[in-house]
Amino acid sequence: MYWLAWKTLFHERGRLVITLTGIIFSAVLTLAQVSMYIGMMGNATAIIRHTDADIWVASKNIQNFDFTNPFPEEWISRVRALPEVLWADRLIMTWGFLKLSNGGKEQVQIIGFNPDTGVGAPWSMVAGSPSDAKGGNYMIADVTSQKRLGALEKGTVWELNDRRFELVGLSEGIKSFTTAPVVFMSYNTAQSFQGLVKSGQTSYIVAKLRYGTNREQVADMLGKTMMNNDVMTKDGFIYRTIAYWTIQTGIGMGFFLTAILGLIVGGAIVGQTVYANTMEHLREFGTLKALGARNRDIYCVIFTQVCINAVIGFGVGSTLIMLARSGIEKAGVSLYLSPVLFGIIFFVVLSTCLLSAFFSVRKVRTLDPVTVFRM
Amino acid sequence: MDTILETKNVTKVYGEGDNRVVAVDSVTLALKRRELLLIMGPSGSGKTTLLSIMGCILHPSQGDVVLDGRTVSGLGSDALPDIRKRFFGFVFQSFNLFPSLKAAENVELVLRLKNHDKKRLKTEALELLDKVGLGKRSDFYPSDMSGGEKQRVAFARALAGDPPVILADEPTANLDSKTGMDVLRLLRALAEDFGKGIVIVSHDPKAEGFAHRAVFLEDGRIKE
């Protein structure tokens, strides 16, 4: 019956094109929305994910990585006091205004990290090294910010909040959720910078636990001794950040709904064409039944056609997304496209297509072969 | 000639109460191998219903259908598709060919349905088309064929898998007079040369001249 499915499908090219258009539309919209959403959430949690720490101590009731309040850095001793803690360090997250060559200003997100240990340092350097940020007004910027900041060249001097900084390194692919360019500098420089974080204050304390230690237990224990802070595991902080942007701001929900809409519209187009196709071939299906085909043989024809449509439609949709990828990313939008994501979205698109064949299958199930004599 | 298909007191009733319609009423018939049996009668006389019962497409309300010595009317709906595949070839008034398949592929479809050797599907389909005189048109789609040619393809399809019985519903209804005669001649040849038991339901008075036996159906009953 696969043979019949194939022959019939490709014989009616007009209908095939309409069905494929629906699936391509659905696949492109779903892939674009989901990859954009994951890309944005990836940016929102990038520093947390790339910092090799198990525990994050932040200000009380912190909503996400970008919205933190400073607290005394000396509280790091409480973290270090725990025998389960291998090491603890501090991290600053603050904001500043970078003066551009055209006289304008651009708000930037500043990460103050420890250049000696590398905790919180940029992880994908294309020029210089994180340790170059040590011992003065040095900063590292990300090449993806060039569209906003202008040409970034190692050795150039920039004015940040009226202080002069030398650009000593360039990272690649590090973006913030807010799309503000990310600038890295040493912890001490960031602290003396007189931004949101003042002398003796920090934004985060991060800790690495000894091998085999239960992260949740340590976080709970620390939380009881640090009542004025939120103590989270790495995964907990990632989850909290994602939940904030997704649920509380509705940004993620917007992406989610558009992706669902894409699936529904695509599914409706496929369902409609598959059903119209079934109705048009009712006489043939009746003939097949009269000739001795079972319902499952005819289901096989319908589902095979749906699967072929889904594979071709998703393949074309994926190719279009891949072709458009660099253009979209040049516009500053991060797309997260991985084989796993393609696999998951294909499964979703295929399921939608198969589900849309439900009414066709029901029609065939109740089709009486005796009607073939009356057609 | 031995009997291949029998109906014994077969009755088919549709509806209940005031809507009760007796489509076929106590029909007893026997079809032998190499026989061309013609069932005639006016519209609404129950010819097609009887054909559907004989072809194991429709269950009779009463009575038995005996196929090659085995009573099949009591079998469940699940068993009937296999019975149809094994014993019957069907020819329909409107040909019912698959428009997306070429002539040979239409024949091949039934061979596939009957799980024939995949390597021989094409050869077998071509042989069958040759038998009905259409070997040279095997690569044509139904839309590029005349009514007579389509009906010949339908006969080749009915012969696929070598079923002992062929049931034809108004096989000449959509054909011109000359083509209709050719088709009837072909049916007679299929019965005599290939040993098939063939049942034709037809309004066409010309069919009588080609049949070995004709019965007349009126109000669901056989009129002697």
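The values are calculated or read from the model by the stated rules, or taken from the named source; none is laboratory data. Keep in mind it's a predicted model, so treat the numbers as computed, not measured. Cβ coordinates were reconstructed from backbone atoms using ideal geometry, including for glycine residues, and neighbour counts include every protein chain displayed. The accessibility values were calculated without ligands, DNA or RNA, using every heavy atom of the protein model including side chains. Shrake-Rupley method; radii C 1.70, N 1.55, O 1.52, S 1.80 Å.
If we count every other residue with Cβ under 14 angstrom of B:LYS118's Cβ, Lys/Arg +1 and Asp/Glu -1, where does the sum land? In short, +1. Taking B:ASN19, B:ASN115, B:ASN96 in turn, the Gaussian network model of chain B (Cα-Cα springs below 10 Å) assigns the largest fluctuation to B:ASN19.
Debye calculation, C-alpha points only, no solvent: report log10 I(q)/I(0) for region A:61-227 at q = 0.13, 0.15, 0.16 Å⁻¹, in the same order as the q values. Here log10 of I(q) over I(0) equals -0.64, -0.82, -0.92. When chain A is treated as a Gaussian network with alpha carbon springs shorter than 10 Å, the biggest mean-square fluctuation among A:LEU355, A:LEU335, A:LEU31 belongs to A:LEU355. Mean separation of Cα pairs under 8 Å and 6 or more residues apart, divided by the residue count, gives region A:61-227 a relative contact order of 31 percent.
Legend: helices of chain A (whole DSSP H runs) are marked when their alpha-carbon atoms reach 20 angstrom or more along the helix axis and their mean Kyte-Doolittle hydropathy is at least -1.0; marked are A:13-44, A:251-280, A:295-330, A:339-356.
Counting only protein chain heavy atoms and rolling a 1.4 Å probe, the accessible areas of A:THR366, B:THR179 rank, largest first, as A:THR366, B:THR179. Only helices enter this figure: runs of n ≥ 4 DSSP H residues, each worth -39500 (n - 2.57), summed and divided by the residues of chain B, yield -9500 deg cm²/dmol at 222 nm to the nearest 500.
For the pair region A:82-142 / region B:91-147, the C-alpha centres are spaced 75 Å from each other. The charge dipole of region A:89-199, taken about its Cα centre with unit charges on the Cβ of Lys, Arg, Asp and Glu (plus for the first two, minus for the last two), comes to roughly 260 debye. Rounded to the nearest 10 degrees, the inclination of helix B:103-113 to the longest alpha-carbon principal axis of chain B is 60 degrees. For region A:7-116, the solvent-accessible area works out to 40 Å² per residue, with a probe of 1.4 Å and every protein chain left in place. Computed over chain B, relative contact order equals 31 percent, with contacts defined as Cα pairs under 8 Å that lie 6+ residues apart. Output the 0 to 90 degree angle, nearest 10, between the alpha-carbon long axis of helix B:147-159 and the longest principal axis computed from the alpha carbons of chain B. Helix B:147-159 sits roughly 80 degrees off the main axis of chain B.
Inter-chain Cβ neighbour count for A:280-288, averaged per residue, equals 4 (cutoff 10 Å, partner chain atoms only).
Calculate the translational D of region B:65-220 in whole µm² s⁻¹ from Stokes-Einstein, where the hydrodynamic radius comes from the Kirkwood formula applied to all Cα pairs, the temperature is 37 °C and the viscosity 0.692 mPa s. Estimated diffusion coefficient is 203 µm²/s.
Computed from Cα positions, the angle between helix B:177-194 and the longest principal axis of chain B comes to roughly 90 degrees. Each Cα pair under 8 Å and six or more residues apart adds its separation to the average, and for chain A the resulting relative contact order is 29 percent. Electrostatic tally near A:PHE303: other residues with Cβ closer than 15 Å to its Cβ, Lys and Arg +1, Asp and Glu -1, net +4.
Below 12 angstrom from the Cβ of B:GLY147, what's the summed charge of the other residues (Lys, Arg +1; Asp, Glu -1)? Residues close to B:GLY147 contribute a combined charge of 0. Counting every pair of alpha carbons in region A:118-212, the share spaced more than 21 Å apart comes to 34 percent. Of all the options A:SER35, A:SER77, A:SER124, the one that moves most in a Gaussian network model of chain A with Cα springs shorter than 10 angstrom is A:SER77. In the context of the full protein assembly, A:ARG294 retains an accessible surface of approximately 50 Å², using a probe radius of 1.4 Å and ignoring ligands and nucleic acids.
Solvent-accessible surface of protein heavy atoms, probed at 1.4 angstrom with all chains present, puts B:HIS59, B:HIS203 in the order B:HIS203, B:HIS59, largest first.
Remark: mean inter-chain Cβ contacts per residue of B:151-161 equal 1, using a 10 Å Cβ-Cβ cutoff to other protein chain atoms.
Taking every residue in B:91-101, how many Cβ atoms of other protein chains lie within 10 Å of its Cβ, on average? That average works out to 5. Inverting the pair-averaged 1/r between distinct Cα atoms of chain A gives 24.2 Å as its Kirkwood hydrodynamic radius.
For A:SER129, the accessible area of its heavy atoms, probed at 1.4 Å with every protein chain present, is near 40 square angstrom. Computed on protein heavy atoms with a 1.4 Å probe, the accessible areas place B:ARG185, A:ARG296, B:ARG112 in the order A:ARG296, B:ARG185, B:ARG112, largest first. A:MET279 exposes around 80 Å² of accessible area when a 1.4 Å probe is run over every protein chain in place. Positive end of the dipole of region A:61-227 (Cβ unit charges, origin at the Cα centre): among A:GLY103, A:GLY135, A:THR225, the Cα lying farthest that way belongs to A:THR225.
Pairs over the 26 Å Cα-Cα cut-off, from the set A:LYS99/A:LYS175; A:LYS363/B:LYS122; B:LYS150/B:LYS178; A:LYS154/A:LYS208; B:LYS114/B:LYS150; B:LYS85/B:LYS196: A:LYS363/B:LYS122; A:LYS154/A:LYS208. With helices as the sole contributors, chain A gives -16000 deg cm²/dmol at 222 nm; each DSSP H run of n ≥ 4 counts as -39500 (n - 2.57), and the sum is divided by every residue.
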